[in-house]
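A.B. asks: After the structure tokens below, expect a handful of questions from me.
Just so it is clear, none of the values below were taken in a lab; they were calculated from the coordinates. These figures come from a predicted structure and were not determined experimentally. Virtual Cβ from ideal backbone geometry, glycine too; neighbours counted across all protein chains shown.
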Amino acid sequence: MSPLTNFYLDSNLGIRVLINQSTVSTTANESLVPRKSANEAFLYSLAIPGMGQLYTGAKHGYIYTAAEVGLLVTYFILRNNAVNTRDDYREVVRQNIIFEGPGNFEAWDPIEDFEHATQYENWNHVYDSEETRTRTGKWYWKDLDPLLKNERDGTIEFDSKYRLEAFDLRQKANDTFQSARTVLGLVIFNHVFSAVEARITAKRWNQKQQQTRSVEIDLQTDMSTGTLTGVLVLKKKF
């Protein structure tokens with residue numbers, strides 16, 4: 001049997017034989033597009049959303065990358081706004097509460113200040129970890145009538161405007177912190193979803209390449225000699 005040098009295309013239009021058959025050998029495999037690794041595509045997009053899709057040549061990977069940038073920018077903006085609002089809330093407390101007795105505000109432990117004057121939960125409270133709840137502290141504000149402190153009726157209805165302002169700021173900060181956490185969750189989801197979709201895209205790309213191009217060994221009759229000749233057949237659908 002002669003060397004595998006014959007080469008032709010087999011399509012729906014019929015067989016097309018190439019003229020320069022002598023230049024084609026079994027090394028034709030090397031010119032074929034290599035398969036894409038689904039695992040690599042998954043890891044690329046898990047690290048940077050969209051990179052796995054771009055690895056397979058899918059341009060929609062840019063959508064995942066753009067979403068990543070947008071979500072991260074949104075997260076840091078919200079987080080920064082929440083921190084600033086929290087600082088504003090604490091400043092309202094510092095400026096507008098008073099204590100009777102020895103010492104002054106600065107001598108108190110900061111956590112105790114917020115415990116008594118606002119809704120702060122306990123000594124170890126993490127600021128944005130719980131929802132706002134009404135608590136003691138209505139008797140420590142500058143605009144309170146001092147005589148009310150001597151009243152025994154615990155049902156006296158009074159709320160300092162400063163206390164209400166502090167509560168509103170704290171609730172706003174908590175809500176903004178929660179929004180930031182939600183956006184951060186979307187960032188994580190974007191990584192995972194992009195990675196899974198990149199893996200699927202890589203598998204589909206490989207399947208498409210396998211369907212449209214294949215190489216096989218075949219026996220054909222050499223028209224010049226009338227003998228069977230081994231040929232390398234590249235089948236491509238077009």
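A.B. asks: With r defined as the distance between the Cβ atoms of Gln209 and Asn39 and R0 fixed at 25 Å, what FRET efficiency is calculated, to the nearest 0.05?
C.D. replies: Once rounded, the FRET efficiency stands at 0.90.
A.B. asks: Follow-up question, since we're still on this one. Can you tell me how much longer the chain between Asp145 and Ile63 gets when fully stretched, taken as 0.36 nm per residue apart minus their C-alpha distance, in nm with one decimal? Walk me through the numbers before you get to the answer.
C.D. replies: On the way: separation 82, 0.36 × 82 = 29.52 nm, distance 5.99 nm.
This chain segment gains 23.5 nm when fully extended.
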